[in-house]
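Contents: one structure, followed by commentary.
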Amino acid sequence: MRLFGTLEWWRQQSLARQFLLAGGVVSLLAALVVGAFVTTLIEAAVTRNSAATTAMYVDSIIAPLLPDLQTTEVLDDITSRALDETFGQGALGGRVLSFRLWRSDGTVLYATDPDIIGERFDPSEKLQRAFSGKLVAQFEHPEDEESHAERAAGIPLLEIYNPILQPWSGEVVAVLEFYEVAEDFQNSLSEARLLSWLAVAAVIAVFFLSLTAIVFRGSRTIDDQKATLTQRVAELSDLLEQNRELHMRAQRASQRAAALNESYLRRLGADLHDGPAQLVAYAALRVDSRALVAEGTPEAVRASELAAIKARLDEAMEEIRGICRGMILPDIEDAELHEVIARAVKAHTQRTGSPVALRLSDVAGELSPSVKISIYRFVQEALNNGFRHGNGISQKVRQAWEGDEIVIEVEDEGPGFDPSMVKPGGLGLAGLRERIESIGGRLSVKSSQKGTIVRMMVRANGLEFAQ
């Protein structure tokens, strides 16, 4: 569980933070490995160079004192006394703590410690390498069996094995082992180690910081693009949801439009049946009346009957024309918004004889024909409803702006009604609502005993404006 929790926490981190953590660990390990490797190389090089210098110096002093070691197995007293004086005083005596002269079989021919002169020891690996012709140097605490005196000294020593070569053959005939007091060497080596570690750390730090800056910049770019992409996806999701909602609204509007068309046809049929059809039927009955067809009817009665029939037929024709005028739109495609509203108000006034107060505000841009038709029908139907149900008392039409929305209000001071009691299948408000919502608008109704206000709102930037 803890491992899964750690992996989940790791996945939640940004790319920059992941690089900072992982790169920091890798850089630290790389610094340790490279630092240790470089330090080892520097230590080996410094030790080898220092040992070579010291060995050359010692060899230049000791070699002239030694006899032919290829034929001599034991040093004579004169040579031993000369070596004692050399290591007991002078610059070499203060620089070299101890000295041994080895034969190839592991016998000590000479040593500053007289107790081990003439003894034989198993040749160590370092001694064997020296007899193979290599200069061997090591900066460490002596561990050889014969080096107990050096271990007891408790000071840093540089152990050196210097092969002695026969001048004419180049053969190794003996090995000089000596221990140089290395306090200054230790200080120099510590300084070299510190500088090498600092150099490695500086290089790794500069490299890591440079990469970190690049990664952080790339991560910031990725985060910005991710945020932008997330925002775009959210916007597209919102648009998709809006499109889905609009699609559903369009489907519902289509279904309701089909029902409303049937209702309009029924209403038209009812208007024709209750109005012109009744008048024509009445005229037809009067045509068949006995007063008109019977012989001997006075001309005055006959003329009166004919006048009544003509009056009913004229009345029926007038109602048919009124119904037709309500169904046919005037030419409003090239008209501005003010003119569209004014035409609807004028047509209502001419048909009903009821005055309507009109107040208009400034209008910017030219609306599409579908919006103009919807506005015309809204004013027409709202005025008709107000005249029919509110007796046309103090009817007013106002057009204004609220932000980026066009607002049109039709008001009267009739007795009012309860909007919640209006049946959903009613023609007036239902038809207006469907028509207005089809162009992205909204319809609201406020009614009380003091009158009714029907409001239409359409967002201006959501309309199609003429170019």
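The values are calculated or read from the model by the stated rules, or taken from the named source; none is laboratory data. Quantities reported herein were computed from a predicted structural model and do not represent experimental measurements. Glycine also receives a Cβ, built like all others from the backbone with ideal geometry; neighbour counts cover every protein chain displayed. Side chains are part of the model used for accessible areas, which takes the heavy atoms of the whole protein and leaves out ligands, DNA and RNA. Shrake-Rupley method; radii C 1.70, N 1.55, O 1.52, S 1.80 Å.
A few remarks follow.
- Against the list (1) under 18 Å from LYS126 (Cα atoms); (2) open to solvent by less than 20 Å² (accessible area, probe 1.4 Å); (3) at pLDDT 75 or above, the condition SER196 fails is (1).
- For segment 182-192, a residue qualifies if it is modelled with pLDDT of 75 or more and surrounded by 15 or more Cβ atoms within 10 Å (Cβ to Cβ), and exactly one does: ALA192.
- Top-ranked residue of segment 209-252 - restricted to ones that are more than 22 Å from the chain's Cα centre (by Cα) and closer than 14 Å to PHE19 by Cβ, ranked as most open to solvent (accessible area, probe 1.4 Å): LEU209
- Selection count, segment 391-413, where residues are at pLDDT below 85 and either open to solvent by 40 Å² or more (accessible area, probe 1.4 Å) or over 15 Å from THR349 (Cα atoms) (or both): 6
- Segment 145-164 - residue that is in a loop (DSSP other than H, G, I, E, B) and crowded, with 16+ Cβ neighbours inside 10 Å and, of those, modelled with the highest pLDDT: PRO156
- Unmet criterion (only one of (1) among the small types (Gly, Ala, Ser); (2) under 19 Å from LEU432 (Cβ atoms); (3) open to solvent by 50 Å² or more (accessible area, probe 1.4 Å)) for SER374: (3)
- Restricting segment 90-137 to residues that are within 24 Å of ALA45 (Cβ to Cβ) and modelled with pLDDT under 80, the residue that is surrounded by the most Cβ atoms within 10 Å (Cβ to Cβ): VAL96
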